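The values are calculated or read from the model by the stated rules, or taken from the named source; none is laboratory data. Not measured: the values here are computed from a predicted model. Every residue, glycine among them, receives a Cβ derived from its backbone with ideal geometry; neighbour counts consider all protein chains shown.
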C-alpha cells in the first residue's frame, strides 16, 4: 500500500456522502462583529444626515461667507506680519505657553505615576484601585478649559489657575496611560521580587519603573503636545495669558488677521519641534 | 583591556548616574519654570482644597436650578450631534486622503508628501485660531462650531487612518494584488474591509474627544454647551454652571462606556 510515513493512506475508501456537492465556501462572515459594524455605521450616518439638515446657520449667505473666509486665509497665511505687538512680545507670550505646557506635564507625570502605581490592578487591592480609576475618569470627563475656568474664580485669574486647571486633566490622563502600561507587566517580574521579601516601594522602583520607562516617556511626550495645545486654548478662553491670549485679542478684538497668521505660524513651529522630539525619543527607546 | 571591562556594578552605577542626571534636569526646569511664571507650588497645592470647598458650596445644584436642566440638556444634545456629524464627515474626507497618501496604497511619492503636509498643517493650527477665523466669516452659528471641529478632526484622522492602513492592510493587499486585481478592487475588497474595525475605534475616540473640544469651541464661538456654560458662569449663576458640568461628565462617561462596549465586540 502507498502510504506517507506515519500518516493516513493516500488512497481513501470512497465515502458514502449522499450530497456530492461540497459545502459552499462563504465569502462573508456574518457574526456579532459584522452586525455591530453595520449598526454603528448606519446609526452614525443617520445622525449625521439629521444634524446636517437641521444645522442652524443663522441665515449666513454661504457663498459670501466662504469668499470672506478665503480673504481672511489669504491675509493670514500669505501675508503674515508681527502686527502692532512686534516679534519680541509674541515670542515672550509663546515662551509662557511653552513653559505652561512643560510645568503641567511635569506635575502630571509625577503625580500621575504615583496614582498609577496605586490604581493598577496588579499592585493594589481592588477597591482602592477602582476608586482612584473612577475618580480619574470623572476628572477626565470635564474638559480642560472648564477646569481652568473653575480654578480661575477659586484662586483668581492668572498663571496659577491655568497651571492647576491644565494639571488636573494631565494627572487624570497620565494616570490612566501609566496604569495601563503597568498592568501589561509580566506578573513573574513582580512575583520574583515579592518572593525575596521586597517591600512595596522597592518593587515599584526596582521592577516596575525600569520596565515601563519606554512607554512612560512616550506617553509623557504625547501629553506634552496635548498640553501645549491646551495651554494655547486656556490662554484664549480663560484669559490666562500666553500666546493663546494674544491670538484671542488679535482675532477677536483687533481683527488683525496678518498677525493671527504670524501667531499661527509660531505655534505650528513649536508643535513641529515637539513632534520631532517625540518621534526621536520613541525611536531611541524602541531601538534599545 | 581591563580598563574597559564592564562589570554589573559599573553598568548599574552608570545607569543610575544618567537617571539621576535626567531627574535633576527635570527638577531644574520645573524650578526655573515656576520662577518665570511666578507659580508657587505649595501655595498652588494648598489652594486645591480651597477651590474644591468653594466648588462644593457654589456649584451645588439647588431645587431652583433644576429649571435650567431642559435648556442645558437641549444644548448638550445639540453639541453631541454636532460632534458626531463633524467626525463622520471628517472620516469620509480623511479616508479618501489617507488612501491617496499612505505608503502602501499611495499613488506616488509627491502625493504622499503632499497629504502628510496637509494633515500636519490642519492638525497643528490651534483650534482657537480656527474658531476665531470662522467666527469672523460665519458669525455666531452652529455651523461655525461644526466647521471648526471638522477642520481639526480631518487633520487628526488623515494621520490616524494612514497609520492604520500601513500597519494592517499590507498583507491582504499583497494577496489580492497577486491575483491580478485592479487598484480599485484592491482598495474596496482588501484594504477597506481589513481596516474597518480600527477605523470605527478611531471614529468613536474622536467623537468623545470632540464633545470635549466642542465646549472650548462653544465658549469662543457662542454655540452649544460651551456657550451656555460661559453664560451661566459669567452671570454668576454657579448652580446652573454646576449642573452643566455634571451633565457633561455624565454624557462623556456614557459615550466612553458605549464606545468601549462597541470596541469589545468588533475588535
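Results, tabulated for the structure shown:
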{"quantity": "Matching residues in the range B:212-262 - criterion: being outside any helix (DSSP H, G or I) and buried (at least 18 other Cβ atoms within 10 Å of the Cβ)", "calculated": "B:222, B:223"}
{"quantity": "Residue list for the range B:129-146, filter: under 16 Å from the mean Cα position of the chain (by Cα) and either at the interface with chain A (Cβ under 7 Å from one of its Cβ atoms) or surrounded by fewer than 24 Cβ atoms within 10 Å (Cβ to Cβ) (or both)", "calculated": "B:130, B:146"}
{"quantity": "Candidates B:105, B:153, B:144, filtered to the one that is at pLDDT below 90 and within 20 Å of residue A:232 (Cβ to Cβ)", "calculated": "B:144"}
{"quantity": "Matching residues, the range A:44-60, being within 7 Å of another protein chain (Cβ to nearest Cβ) and not in a helix (DSSP H, G or I)", "calculated": "A:55, A:56, A:57, A:58, A:60"}
{"quantity": "Filtered residues of the range B:99-110 (kept if assigned to a helix (DSSP H, G or I) and either over 14 Å from residue B:170 (Cβ atoms) or not assigned by TED's automatic domain parsing to the domain that holds residue B:199 (or both))", "calculated": "B:100, B:101, B:109, B:110"}
{"quantity": "Exclusive hit being out of contact with any helix residue (DSSP H, G or I) (no Cβ under 6 Å at 6 or more places or on another chain), under 30 Å from residue B:166 (Cα atoms) and either more than 14 Å from chain A (Cβ to nearest Cβ) or assigned to a helix (DSSP H, G or I) (or both), set B:42, B:113, B:48, B:84", "calculated": "B:113"}
{"quantity": "Candidates A:273, A:232, A:195 - the one that is under 21 Å from the mean Cα position of the chain (by Cα) and more than 30 Å from residue A:155 (Cβ to Cβ)", "calculated": "A:273"}
{"quantity": "Residues of the range B:126-167 satisfying the condition of being without any contact (Cβ under 8 Å) to a residue 24 or more places away in the chain and not in a helix (DSSP H, G or I)", "calculated": "B:126, B:139"}
{"quantity": "Options B:195, B:207, B:200: the member that is within 24 Å of the chain's Cα centre (by Cα), farther than 30 Å from residue B:244 by Cα and surrounded by 19 or more Cβ atoms within 10 Å (Cβ to Cβ)", "calculated": "B:195"}
{"quantity": "Hits in the range A:235-257 - residues which are without any contact (Cβ under 8 Å) to a residue 24 or more places away in the chain and in a helix (DSSP H, G or I)", "calculated": "A:236, A:247, A:248, A:249, A:251, A:252"}
{"quantity": "Criterion (assigned to a helix (DSSP H, G or I), free of Cβ contacts under 8 Å to residues at least 60 places away in the same chain and farther than 29 Å from residue A:203 by Cα) met by exactly one of A:146, A:166", "calculated": "A:146"}
